[in-house]
Amino acid sequence: MKHAHSRKADFDFVFPDPPLNIVLVSPEIPPNTGNIARSCAATGSRLHLVKPMGFALDNAKLRRAGLDYWDAIRVTVHESFAACRAALAGAGKWLFFTTASPKLYTEARYKPGDVLVFGCETKGLPEEILAANPDACYGIPMQTQFVGSLNLSSAAAVVLYEALRQIDARARKMP
């Protein structure tokens, strides 16, 4: 029996060029970052990690969550958020994801090269980042009386695949 990851998909998908960028500001939990890295490998997206981080890149739980895909992941570690902004100055627009935004992630118009920014698991994005970018903040709907927020890797996957869906839909409409 073949493994699911060895099957050829029965559909074509237009991956963005340039690829999307996922930025994690001060990630704390290795398996979350590993799962996001795996999503990046599957989609050709680039992963950017902003220090301080709650783990080292050689952490066993991080590596295990990314499974055998680390060779396919383009990851860059930045010393600060300012350094990340400078390094991605030529990228697409910056979109910030927070539980504090009334605008839904589906309202954003994603394009190739965009930068999708997520905060750490326990605190989210720093207030100064949110305050500096109020028109570019989006949230994912949820019943907050039961759950304060989604798992970081789940939230990143939801947003990443919505961005890819939009990019693919527009690419298919082009002549």
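The values are calculated or read from the model by the stated rules, or taken from the named source; none is laboratory data. Everything numeric here is computed off the predicted structure, so don't read it as measured data. Glycine also receives a Cβ, built like all others from the backbone with ideal geometry; neighbour counts cover every protein chain displayed.
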Checklist entry - Any idea how many residues of segment 53-75 are modelled with pLDDT under 60 and more than 19 Å from CYS120 (Cα to Cα)? => result 1
Checklist outcome for this item: Filtering segment 70-116 down to residues that are surrounded by fewer than 20 Cβ atoms within 10 Å (Cβ to Cβ), β-branched (Val, Ile, Thr) and outside any loop (DSSP other than H, G, I, E, B) yields VAL75, THR76, VAL77, THR106
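Of the residues in segment 117-147, how many are in a loop (DSSP other than H, G, I, E, B) and either at pLDDT 95 or above or in contact with a helix residue (DSSP H, G or I) (Cβ under 7 Å, 6 or more places away or on another chain) (or both)?
6
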Item to check | Filtered residue count, segment 152-175, keeping only those that are within 25 Å of CYS84 (Cα to Cα) and at pLDDT below 90 | outcome: 0
Checklist entry - So which pairs qualify, if the first residue must be in segment 120-144 and without any contact (Cβ under 8 Å) to a residue 24 or more places away in the chain, the second must be assigned to a loop (DSSP other than H, G, I, E, B) and of a type in the set (Phe, Trp, Tyr), the Cβ gap must be under 6 Å, and the two must be at least 6 apart or on different chains? => result none
Checklist entry - Of the residues that make up segment 134-150, is at least one surrounded by 18 or more Cβ atoms within 10 Å (Cβ to Cβ), within 15 Å of PRO19 (Cα to Cα) and hydroxyl-bearing (Ser, Thr, Tyr)? => result no
Checklist outcome for this item: Scanning segment 9-49 for residues that are closer than 16 Å to GLU121 by Cα and β-branched (Val, Ile, Thr), the one surrounded by the fewest Cβ atoms within 10 Å (Cβ to Cβ) turns out to be ILE29
Checklist outcome for this item: Within segment 76-93, the residues that are in contact with a Phe, Trp or Tyr (Cβ under 9 Å, 6 or more places away or on another chain) and within 14 Å of PRO19 (Cα to Cα) are LEU88, GLY92, LYS93
Next on the checklist: Take LYS111 and tell me if it is modelled with pLDDT of 95 or more and either more than 22 Å from GLY34 (Cβ to Cβ) or of a type in the set (Lys, Arg) (or both).
Outcome noted: yes
Item to check | Test set (1) at pLDDT 95 or above; (2) hydrophobic (A, V, I, L, M, F, W, C); (3) out of contact with any Leu (no Cβ under 7 Å at 6 or more places or on another chain) - PHE96 fails condition number | outcome: (3)
Next on the checklist: Need pairs with beta-carbon distance below 7 Å; first residue under 16 Å from LEU150 (Cα atoms) and within segment 94-117, second in a loop (DSSP other than H, G, I, E, B) and basic (Lys, Arg); sequence gap 6+ or separate chains.
Outcome noted: none
Checklist outcome for this item: Within segment 91-137, the residues that are in contact with a Gly (Cβ under 7 Å, 6 or more places away or on another chain) and on the phi > 0 side of the Ramachandran plot are GLY113
